[in-house]
Amino acid sequence: MLYRVLFALVFASALLVTPRGALAHPAPFSFLDIVIRQDVIDVTLVLHVVDVAHDLGIEPADRLLDPAEAARIRDRVVALIQSRLQIRTDVTRAFEWLELQPLPDRHAVVLRFRIVGPRPGVLRIQTHMFPYDPVHQTFINIYEDSELRQQMIFNAESGEYTYYTGSTQGALAVMHTFIPAGIHHILIGPDHILFLIGLLLLGGTWGALIKIVTAFTIGHSITLSLAALSIVMPPPRIIEPAIALSIVFVGTDNLVRGSGRDLRAWAALVFGLVHGFGFANVLREFGLPAEALGWSLFSFNFGVEIGQLAVVVLVASSLGLIRRYSTSAGSRVAWAGSIVVIAAGAYWFVERVFFPAGA
């Protein structure tokens, strides 16, 4: 297993560079194996005796390598671990703490426990096993039955990690997380919303508007997928100003096109490619689970479409009502709205080029 190789390499390095008198704790690591089965999650936790002895006030640490001593302090170790290791699932489950046994060849003890219940859709893991040691790390392997699915390393700076299982429950958990994230992003993204509004200001039949929105969807879906899969990843310092320019273009096109050819669908497709990279930047910050890549990508994009559809229906319906009330009023709204779109896009462009966030 990979963690055994890592353990051996780090241990050997410690032997080479550490003075003989400091070899009492050559390996500041813990190892956690999580095996997800149909009706139970089996967990194996390997802890160095120096760490356990330090936090429980046991001297010498080698006392823990005696099976009788390990059995005697088992409840104290369980209490210690319960405060420092969190493994949560999508439903409340019972923990069954099993035996604590010494591993003399590794100068460690192993604690086993089980989490009883049907195969979960999601696991949330958080641990900082031994805070007294700032360099302590916990190597974690997650298995589904006999297949190794995920590996990670936790340290003092690590936050909570979410793992989605390869099951129907896992897919539903991904959708439950990423669809709302997509909706939330489109609704709080004023640049994306203003771009859509700019495309809708001149109105048209519902068929024409659906064509425009579909083109935008195709464009941003392509680049969202490419960027999320790390195939093409333009930097935000290029994408964010380009999004602002797309808004300026749409507003300007509304003012100068007159009765000429309607190019909004083509503009939506082309600039949708740019906006997709913007969506991908948010998705990468949110965290894309490798074990559920397809579902998370689909779900986030689907959420974006739901939010986008809500904006389109609201804006297009409102503009349609104004035009039915007065054609001239509809034209004035379209003209004034286009000016606002251009001004906002120009402001964002200057801000993102000359005053970028974090600069």
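The values are calculated or read from the model by the stated rules, or taken from the named source; none is laboratory data. Keep in mind the model is a prediction, meaning the values are calculated, not measured. Methodologically, a virtual Cβ is constructed for each residue, glycine included, from the backbone with ideal geometry; neighbour enumeration extends over all protein chains shown. Each accessible area value is taken on the protein alone, full model and side chains, heavy atoms only, with ligands, DNA and RNA left out. Shrake-Rupley method; radii C 1.70, N 1.55, O 1.52, S 1.80 Å.
Percent of accessible area on the chain owned by carbon and sulfur, 1.4 Å probe? Of all accessible area on the chain, carbon and sulfur atoms account for 65 percent. With each label modelled as a point 7 angstrom along the Cα→C-beta vector, the Arg84-Val135 pair spans 1.7 nm. Rounded to 0.05, the FRET efficiency of the Arg112 and Val340 pair, given R0 = 45 Å and the Cβ-Cβ distance, is 0.10. Only one residue of Thr92, Thr138, Ile218 has its Cα farthest out toward the positive end of the dipole of the chain, where Lys and Arg carry +1 and Asp and Glu -1 on Cβ, and that residue is Ile218.
Restricting to DSSP H runs of at least four residues, report the calculated mean residue ellipticity at 222 nm for the chain, -39500 (n - 2.57) per run over all residues, nearest 500 deg cm²/dmol. Can you show the working numbers first?
Numbers: 11 runs with 199 residues, N = 359.
Theoretical 222 nm ellipticity from helices: -19000 deg cm²/dmol.
Would you list the membrane-span-like helices of the chain, meaning whole DSSP H runs whose alpha-carbon atoms span at least 27 Å along their axis and whose mean Kyte-Doolittle value is at least -0.5?
On the way: long enough: 168-188 (30 Å, 1.10); 206-228 (32 Å, 1.35); 236-256 (30 Å, 1.17); 264-286 (31 Å, 0.92); 293-325 (48 Å, 1.16); 327-354 (40 Å, 0.95).
Membrane-span-like by this rule: 168-188, 206-228, 236-256, 264-286, 293-325, 327-354.
Rounded to the nearest 20 Debye, what is the dipole magnitude of the range 202-327 about its Cα centre when Lys and Arg each give +1 and Asp and Glu each give -1 at the C-beta? Could you put the intermediate results ahead of the total?
On the way: 8 positive and 6 negative charges, 97 e Å.
Computed charge dipole of the range 202-327: roughly 460 debye.
Would the range 199-265 count as rounded, prolate or oblate if I go by the C-alpha gyration tensor, calling it rounded below 1.5 in a/c and otherwise prolate when a/b exceeds b/c, oblate otherwise? Judged from the Cα gyration tensor, the range 199-265 comes out oblate (a/c at least 1.5, b/c at or above a/b). This model, with +1 at the C-beta of Lys and Arg and -1 at the C-beta of Asp and Glu, gives the chain a dipole about its Cα centre of some 1340 debye.
In Å², and per residue, what accessible area does the chain have when probed at 1.4 Å with the other protein chains present?
Working: 17620 Å² over 359 residues.
Accessible area per residue: 49 Å².
Springs between Cα atoms under 10 Å define the GNM used for the chain, and in it the highest mean-square fluctuation of Arg124, Arg261, Arg149 occurs at Arg261.
If R0 is 45 Å, what FRET efficiency do you get for Gln151 and Leu321 from their C-beta distance, rounded to 0.05?
Values: r = 57 Å, r/R0 = 1.26.
Taking R0 as 45 Å, the efficiency between Gln151 and Leu321 is 0.20.
To the nearest 20 debye, what charge dipole does the range 107-203 have about its Cα centre, counting +1 at the Cβ of each Lys and Arg and -1 at the Cβ of each Asp and Glu? Show your work: numbers first, answer last.
Values: 5 positive and 7 negative charges, 63 e Å.
Charge dipole of the range 107-203: 300 debye, to the nearest 20.
Give the residue from Val313, Gly166, Thr44 lying farthest towards the positive end of the charge dipole for the chain; charges sit on Cβ (+1 for Lys and Arg, -1 for Asp and Glu) and the dipole is referred to the Cα centre. It is Val313, whose Cα lies furthest towards the positive end. Given axes a ≥ b ≥ c from the Cα gyration tensor, I'd like to know whether the range 96-160 is rounded (a/c under 1.5), prolate (a/b larger than b/c) or oblate. Note, shape of the range 96-160 comes out oblate. Positive-end ranking of Ala61, Ile322, Leu200 along the dipole of the chain, with charges on Cβ about the Cα centre, is headed by Ile322.
Computed with a 1.4 Å probe over protein heavy atoms only, the accessible area of Asp39 comes to about 100 Å².
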